[in-house]
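I have placed the structure first, in the form of structure tokens, so that the comments after it can refer back to it.
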Amino acid sequence: MDREIIAIYPGSFDPVTNGHLDIIERGSGIFDRVIVAVLVNIAKDPLFTLEERLEMLRDATARWPNVVIDTFDGLLVSYAAERHARVILRGIRAVTDFEYEFQMALMNRRMSPGIETVFMVPSEAYSYLSSSLVKEVSALGGSVTGLVPTDVERHLKIRIQRKESGREV
Ligand code: COA
């Protein structure tokens, strides 16, 4: 039972970037299944609704048949156990990511020793990338071409125009 190795790739994905997709692609080449799990309750006051984030992720990952998109709430390790996942997949972009990731990995191991955290390194082209930076650059009129999928770029432009005209949060 549970012979296949399922990995959970958790995050807020507000919005998904090419850096996330780079990790998802690498993960999908190694694990039998990758579940991209979007955290429901984020304290970060997201730009995109949960549904929008899910839709953008589904579109961007449709080319990988062993990647599924889901949501989760509460403890990540409980969700991983529910989905019979043995691996938590995280991307490490730079040394600055390490301390936080190290703490999370050890805390998760303390709660659930059977679940391993696996770190992968994205392409160096994305090593400086974050969702916050993408939103900031986009809001200030800069180009994010090549940093996010074309569809996400379009959604960003629309959302920011609406925000500016005060029509929508
Ligand atoms: N390429 C580009 N950007 C990346 C990236 C990559 N490969 N990997 C991470 N990032 C960015 C994200 O875009 C995000 O940027 P932002 O802060 O500008 O939005 C940032 O790095 C980190 O965000 P994210 O990957 O979404 O993780 P997080 O730190 O918001 O959330 C969870 C981490 C969801 C894994 C964690 O909060 C969690 O497990 N929560 C559930 C509750 C729980 O179990 N808590 C106990 C944990 S020990």
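Readers should treat all values here as calculations from the given coordinates under stated rules, not as data from a laboratory. Because the structure is predicted, anything quoted here is derived from the model rather than measured. Positions of Cβ are generated from backbone atoms using ideal geometry, with glycine treated the same way; all protein chains shown enter the neighbour counts.
Listing for the model above:
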item: Looking only at the range 4-22, and only at residues there that are among the β-branched types (Val, Ile, Thr) and in a loop (DSSP other than H, G, I, E, B), the one that is surrounded by the most Cβ atoms within 10 Å (Cβ to Cβ); result: Val16
item: Answer from Tyr128, Tyr79 - the residue that is among the hydroxyl-bearing types (Ser, Thr, Tyr), in contact (Cβ under 8 Å) with a residue 60 or more places away in the chain and out of contact with any helix residue (DSSP H, G or I) (no Cβ under 8 Å at 6 or more places or on another chain); result: Tyr79
item: Test: residue in the range 136-143 that is among the hydrophobic types (A, V, I, L, M, F, W, C) and farther than 29 Å from Phe98 by Cα; result: yes
item: Single residue of Val68, Val34 found to be more than 9 Å from the ligand (Cβ to nearest atom), of a type in the set (Val, Ile, Thr) and surrounded by 21 or more Cβ atoms within 10 Å (Cβ to Cβ); result: Val34
item: Which listed residue is surrounded by 13 or more Cβ atoms within 10 Å (Cβ to Cβ), in contact with a strand residue (DSSP E or B) (Cβ under 7 Å, 6 or more places away or on another chain) and under 26 Å from Asp32 (Cβ atoms), from Pro149, Pro122; result: Pro122
item: Any hit, the range 108-117, residues being of a type in the set (A, V, I, L, M, F, W, C) and over 29 Å from Gly74 (Cβ atoms); result: no
